[in-house]
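What follows is a single structure, written as C-alpha cells, with notes after it.
Any read-out appearing in this document is the output of simple, stated calculations on the displayed coordinates, not a laboratory observation. Keep in mind the model is a prediction, meaning the values are calculated, not measured. Note that each Cβ is placed from the backbone with ideal geometry, even for glycine, and that neighbours are counted across all protein chains shown.
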Amino acid sequence: MTALLKEEGFGSVVSAESSEIAKDFIENDDFDLILINTPLENETGLEFAISCSKTTIASILVIVPSKSSNDVAQMMTSKGIMVISKPISKHLFHHYLLFSECFKERMNRVVKENTKLKTQVETMKLVNRAKILLMQNLRMTESQAHHYLEKQAMNLRKSKYDVALRVLKTYEN
C-alpha cells in the first residue's frame, strides 16, 4: 500500500503496526488520508476508523475482505468513511484516492467557512457587548452606539472588533 500511495503522489506516507500507534501519529500530526487495511492484528480496525472520523478531517478509506464489504459499507458510509473491497485493482484504487482528494478539498472549504462564520459571530457578540456598554455608560441609543463604533473604526483605521475591544477595556473595569 505504501508503494501504491507513493506512486499516486503521496510524498509522506506513515504506516503503523497497530491502531494504538496510529492514534499517537494522528494526535501529533494532521493527515490528508487515513487508510486502514482490515482486519488489523488484534482488532477489526472498524472502531479505529470510526474514531478517526470523529476526531479528524482526513479522508478515511477502509479496505475490507470482499465477503464483509457490503455490511461494512452500510455501517461506515453514514460516518463518512469509504469502504473498498479486497482484492482491489490499481486502477480502482487510483479512483478511490481521487475521490478522497475531492472529499478532502470539500471538507477544507467547509472548515474554512465554518471558521469564518465563527469569527463573524464572535465579532458580532463583542460589538454588541460594546454597544450595550456605550448605551449604559454614555446614555447612547443603540443606533448612536452603532454609529460611534463605525465612526471610530473608520477614523482610527481599525476594525470594529478592535474598537469594540477598546470600549470593553474602558468600561468593563
Review point. Is there a residue being touching a helix residue (DSSP H, G or I) at 6+ places or on another chain (Cβ under 8 Å) and acidic (Asp, Glu) anywhere in the stretch 130-142?
Key: yes
Point to revise | Checking Glu27 against (1) of a type outside the set (Phe, Trp, Tyr); (2) outside any helix (DSSP H, G or I); (3) more than 19 Å from Glu101 (Cβ to Cβ), the condition it does not meet | key: (2)
Review point. Can you tell me which residues in the stretch 70-123 are among the β-branched types (Val, Ile, Thr) and within 13 Å of the chain's Cα centre (by Cα)?
Key: Val110, Val111, Thr115
